[in-house]
Structure formats: structure tokens, C-alpha cells
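What follows is a single structure, written as C-alpha cells, with notes after it.
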Amino acid sequence: MTDSTNIHLKKALRARLIAVASFVATVIILPFFIWFNHQHPVMRWISLAIWWAPLLFALPGMFKGKTYTYGWTGFIILLPFFYAFYFIIEPDKVVWSSILVVLSVLYFLASVSYVKQYALSQGIKTNAEAKRAKGIE
């Protein structure tokens, strides 16, 4: 293992740690935020199903370190981002909305960094090299 590979692997692991921490924090905070935002019980459950449940599908792949999971969860993290951003203008919800927005953005940036640094640690620098490594091209 060369020094450059080792540096990229260290950066990848650091980014993965930040990504997992911010994602898990989002998964923990979001249901409480949803629960307290809706007075009607049916709306609570519908909101949980729409905004929170999709996040749970990513947890196994995240803990296994699958780069593919980190790639597609960049789209899924938009759900809590949009939900929290909608409530950010309400004075009594601005703090928790802001926290969720920041966690979502932090996750997105860390997950992109993890995927890139992991690829670099494997010697993959371009999309064409990645396709060749997977036997697609």
C-alpha cells in the first residue's frame, strides 16, 4: 500500500465516520420532529412513512461501508432536508429545522467525499476506470 493510497483510505474512513454519524443523528431526530409537528395522528404516521421510513433502508449498507449505498442515499437524504427546510421559517421550529438541514447537508458532503476517496484509494481515478474495474466496459 503506497502512501497516497493510505492517505486516501484515511480520508475515506474519516468521511465515512462523519457520514454515518450525521445520518444516524438524522434518523434519530427526524421522527421526533415529525411527531411534534403534526397534531393529527394520521398525519403523523403518513409523514413518518413518507419522510422517515425510506432512510431506514440505507442503514445496513451504510454500516457495511458499501459505496453504492452512500451514492444513492445522497438522493434519499433530500427527504429530511426538504421536510425540515419547509418548517425553517416557523420561529418555534427554526432550531430543530436548522439542525436537520445542517445534518442533511453534512451527510451529503461526507458521503460524496467517502465515495471519491475510497475510489482513489483503490486506484480508480475516472469513471472509465471504475467501469473497467467492475467489468462493465
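The values are calculated or read from the model by the stated rules, or taken from the named source; none is laboratory data. Keep in mind that this is a model prediction, so the values were computed, not measured. Counting neighbours? That spans all protein chains shown, and the Cβs are built from the backbone with ideal geometry, glycine included.
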task: Name the one entry in GLY135, GLY123, GLY65 that is of a type outside the set (Ser, Thr, Tyr), surrounded by fewer than 17 Cβ atoms within 10 Å (Cβ to Cβ) and closer than 18 Å to ARG14 by Cβ.
output: GLY65
- line: The condition from (1) assigned to a helix (DSSP H, G or I); (2) over 12 Å from the mean Cα position of the chain (by Cα) that SER104 misses is numbered (2)
- request: Would you mind finding the one in ALA110, ALA128 that is within 23 Å of GLY61 (Cα to Cα) and either out of contact with any Leu (no Cβ under 7 Å at 6 or more places or on another chain) or at pLDDT below 90 (or both)?
  value: ALA110
- request: Looking only at the range 45-59, count how many residues are in a helix (DSSP H, G or I) and either of a type in the set (Asp, Glu) or out of contact with any Phe, Trp or Tyr (no Cβ under 9 Å at 6 or more places or on another chain) (or both).
  value: 6
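Please find, among TRP35, TRP52, TRP72, the residue that is free of Cβ contacts under 8 Å to residues at least 40 places away in the same chain, in contact with a Lys or Arg (Cβ under 7 Å, 6 or more places away or on another chain) and hydrophobic (A, V, I, L, M, F, W, C).
TRP35
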task: Looking only at the range 77-93, decide whether some residue is exposed (fewer than 14 other Cβ atoms within 10 Å of the Cβ) and under 17 Å from the mean Cα position of the chain (by Cα).
output: yes
field: Selection from the range 25-44 of residues that are exposed (fewer than 14 other Cβ atoms within 10 Å of the Cβ) and in a helix (DSSP H, G or I)
entry: ILE28, PHE32, PHE36, PRO41, VAL42, MET43
- request: Please work out if THR69 is among the β-branched types (Val, Ile, Thr), within 20 Å of VAL102 (Cα to Cα), part of a helix (DSSP H, G or I) and in contact with a helix residue (DSSP H, G or I) (Cβ under 8 Å, 6 or more places away or on another chain).
  value: no
